[in-house]
Amino acid sequence: MDININCDLGEGTGNDAAIMPFISSCSIACGGHFGDDHTMRQTVRLAKQNGVGCGAHPSYPDRANFGRKPMAIPVAELSHSLNQQITDFHRICLEEGVVLHHIKLHGALYNQAAKDPQTALIVLDAIDKTSLKVPIYAPWKSALAKAAKGRYRILFEAFADRRYHTDLRLVSRSHPDAVITDKEEVSRQVLSILKKGQLTTIEGRIVPIKADTFCVHGDQRNAVEILRFLDGIRGI
């Protein structure tokens, strides 16, 4: 059984090197919520050394809130910011001899594009302007996945360490049980999605879901412990 794991990295957590051996791909902050040329290059080099796919991780241009709050921003400004973030990251990939693996939105923009068709289209139009035809990580049945059909290859993503509502929205981080920190509970959620195509929501309902890749957050306090445990069950 292959458990494809990805992680959001290049965000200043200090544990990127410890995480790399346990993941297949990483989404690297490219200046919107965190990051600059130095951190992007450093993380790309680290991923290259470990044979890990490098993805761009653009967000709302909101460093103050780490990209985790929705922004009321003009369409042209958001489109320009996304284009700039992705092209800056792609330039560094080219300079380091790395092929851009995917694009994955961050934080509030990820959630907004998942539920709002208009935001999804704004994001896709911005990606179109980069002329990069790479896969996009998006939730199953999300507005972004539906809008991208026929335009981009979509890899469905589920979160190993986050709880879901019955409609497959992520539980807000303001909720005390939004994040799963117990490694065995994380593994149960991953295996349920992978083997049964379902998960148990925070409301106690069992709902269908599909995933090609599972995200463990790099800023999770015990991310390395969780990833090491998941690595150990890959043969189950």
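Laboratory data are not the source of any read-out in this text; all were calculated from the coordinates shown. Being a predicted model, the structure only gives us computed values, none of them experimental. In this analysis, Cβ positions are derived from the backbone assuming ideal geometry, glycine residues included, and neighbour counts consider all displayed protein chains.
Side notes on the structure shown:
- About its Cα centre, the dipole of the chain is roughly 660 debye, where the only charges are +1 on Lys and Arg Cβ and -1 on Asp and Glu Cβ.
- For segment 53-167: rounded, prolate or oblate by the Cα gyration tensor [a/c cutoff 1.5]: rounded
- Longest DSSP-loop-exposure-free segment, trypsin sites (Lys or Arg not before Pro), the chain, at most 15 other Cβ within 10 Å: 64-128
- Shape call, segment 152-223: gyration tensor on alpha carbons, a/c limit 1.5: rounded
- Counting every pair of alpha carbons in segment 91-236, the share spaced more than 19 Å apart comes to 56 percent.
- Shape call, segment 38-97: gyration tensor on alpha carbons, a/c limit 1.5: prolate
- Placing +1 on the Cβ of every Lys and Arg and -1 on the Cβ of every Asp and Glu, with no other charges, gives segment 122-236 a dipole of roughly 460 debye about its Cα centre.
- For q = 0.15, 0.17, 0.33 Å⁻¹, Debye-computed log10 I/I(0) when each Cα of segment 26-72 counts as one equal scatterer: -0.40, -0.49, -1.13
- At an R0 of 41 angstrom, the distance between the Cβ atoms of ASP231 and ARG151 translates into a FRET efficiency of 0.75.
- Summarising the label geometry, the points placed 7 Å from Cα in the beta-carbon direction at ARG188 and LYS129 lie 4.7 nm from one another.
- CD proxy at 222 nm, helix term only [per DSSP H run n ≥ 4: -39500 (n - 2.57); per residue of the chain; nearest 500]: -11500 deg cm²/dmol
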